[in-house]
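Enquirer: Just dropping this structure here.
The values are calculated or read from the model by the stated rules, or taken from the named source; none is laboratory data. None of the values given here were measured: they were computed from a predicted structure. Glycine gets a Cβ as well: all are built from the backbone with ideal geometry, and neighbour counts include every protein chain shown. For the accessible areas, the whole protein counts, side chains as well, though only heavy atoms, and no ligand, DNA or RNA atoms are used. Shrake-Rupley method; radii C 1.70, N 1.55, O 1.52, S 1.80 Å.
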Amino acid sequence: MKNRFKRAAKGARLAHNKNTQNIATVDLPVPEKILLPMQQHIGGTAVPMVKKGDQVYVGTLIGRADGYVSAPIHSGVSGTVTDVRPIQISSGAWVPAVEITSDGQQAVDPAIAPPKVNDYESFTTAIRNSGLVGLGGAGFPTAVKLTMKDLSVIDTLIINGAECEPYITADNREFVENPQDIISGILEVKKWLAIKNVIIGIERNKPEAMDVMFSLIKGDPSITVKPLPSVYPQGAEKILIESCTGREVPRGGLPSDVGCIVMNVSSVAFVASYLRTGMPLVARRLTVDGAVAEPRNLRVIVGTPIREVLDYCGGLKGEVGEIITGGPMMGVSVVAPAFPIHKQNNAVLALPRAAAQLPPAGECIHCGRCIEACPIGLSPVIIAKAYNAQNVDELDRLMVDPCMECGSCSYVCPAKRPVTDTMRLAKAMLRKGAKKK
Ligand code: SF4
Ligand code: SF4
């Protein structure tokens, strides 16, 4: 089906609240225990490879990828496996999780060595073995993204440095603190996938990140830095592609349909570090902000309890209504403070009680602000009408399926209606209707 809308990248103008933008990252001390759920990515749940009593090291494979769209999981501590048990994750699903008690030694697995990469296949195999998933929050296995039947269709690698959600500054710190790995990672992806052009997209509210990238790409005409408007959701893949290249991903299509691959900036920097050291993804940078005593950026071992992350930031401040991982627009509620940090968590935010409580929804006043705010040109108020009437054909005509659940429509609604929730339900209704047909 043809696109009928034009992505005008209107989005929502949010308060950025980048309070930690200039705060250098520090390492969170090694926790006493880590808990590794076997589902920290989109796709198949990994299969535990260890049992209670096993000795493991930093970098030891703990869960093997199950299927093509999946990712392996590794230990970030040395110590002993003290439990393998099912836990409930944010989606509500129960998955196996491996608990490891640290011995405090941080001994590295003797098998860790830089991977041998000499062609495209060995490169994607290495990325698959590294356990890398989209570090910007998506959690999609990177090896799958980089695996193409026909590489010749890709001419542009886009590096996502938009970081458009309020509060989060982890990617900004990656630009400032680790720029050489970003460039090295870009050059590796570019070389092995034979990509001609690279565009590094950075929102204008990150001047330091832009300066450092501009200075490093000098002399390489194949890499450009693209300053982007600081409008949410600038970092959404399809919006970013359009902002950087002017190309519009078709309805139901992929970035490769318009010759692009999009990688998060921290993900591409990890590629360089993995190829250099062979150490898989066992730790990551994240922002801690909101109702905490000392907002900061931390480098955290995957599997660390969120409670320890919050305690390291001076603990909670005032009345807290909810703790989320990710940003306030698309983040997910934390099941309990003992819940572990996952690979794809770029932030932990403590929302004050007042901010976490949903205000009572009023009647729609047909102001059209949700339509103005939708970055992909949908008409949420009209879609809501079709949903209430259970009119599947109309939902199809109104093209609700590309809705990325960004939350902009709910954010701008003066009647405080849960518009995004309705979009989510309308998408499910359309999917169900399509299946029946
Ligand atoms: S949640 Fe969906 S409908 Fe609402 S603004 Fe975002 S993309 Fe548009
Ligand atoms: S923004 Fe809210 S009140 Fe205005 S048209 Fe949309 S749903 Fe109705």
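Enquirer: Using a 1.4 Å probe on the protein heavy atoms, what percent of the accessible area of the chain belongs to carbon and sulfur?
Expert: On the way: 10170 of 18900 Å².
It is 54 percent, rounded to a whole number.
Enquirer: Counting Lys and Arg as +1 and Asp and Glu as -1, what is the net charge of the other residues whose Cβ lies under 14 Å from the Cβ of Gly161?
Expert: -4
Enquirer: Go ahead and run the numbers for FRET between Val26 and Lys317, Cβ-Cβ distance against an R0 of 25 Å, rounding to 0.05.
Expert: FRET efficiency, Val26 to Lys317: 0.85.
Enquirer: Which FRET efficiency value, to the nearest 0.05, is calculated for Ala355 and Ala434 with the Förster distance at 60 angstrom and r the Cβ-Cβ distance?
Expert: Rounded to the nearest 0.05, the efficiency is 0.95.
Enquirer: While we're on this one: For Cα pairs less than 8 Å apart in space and 6+ apart in sequence, what is the mean separation divided by the residue count of region 120-277, i.e. the relative contact order in percent?
Expert: With pairs under 8 Å counted, the relative contact order is 34 percent.
Enquirer: Between region 104-129 and region 385-435, what is the C-alpha centre distance in whole Å?
Expert: What the calculation gives is 43 Å, centre to centre.
Enquirer: Something else about it: Out of all DSSP beta bridges with both ends in the chain, state the antiparallel percent to the nearest 5.
Expert: Roughly 60 percent of the beta bridges in the chain run antiparallel, per DSSP.
Enquirer: If you don't mind, there's one more thing I want to ask. Skip the ligands, DNA and RNA, and give the accessible area per residue of the chain with a 1.4 Å probe, whole Å².
Expert: Spelled out: the 1.4 Å probe surface of the chain, per residue, equals 43 Å².
Enquirer: Can you say what percent of the DSSP beta bridges in region 120-277, counting only those with both residues inside, are antiparallel? Round to 5. Mind dumping the intermediate values first?
Expert: Details: 1 of 18 bridges.
Restricted to region 120-277, the bridges split so that about 5 percent are antiparallel.
Enquirer: Given an 8 Å cut-off on Cα distances and at least 6 residues of separation, report the relative contact order of the chain as a percent.
Expert: That works out to 19 percent.
Enquirer: Then there's this: For the ranges 188-199, 345-356, what's the packing order if you count other beta-carbon atoms within 10 Å of each residue, average per peptide, and put the highest first?
Expert: Listed from highest to lowest mean packing, they are 345-356, 188-199.
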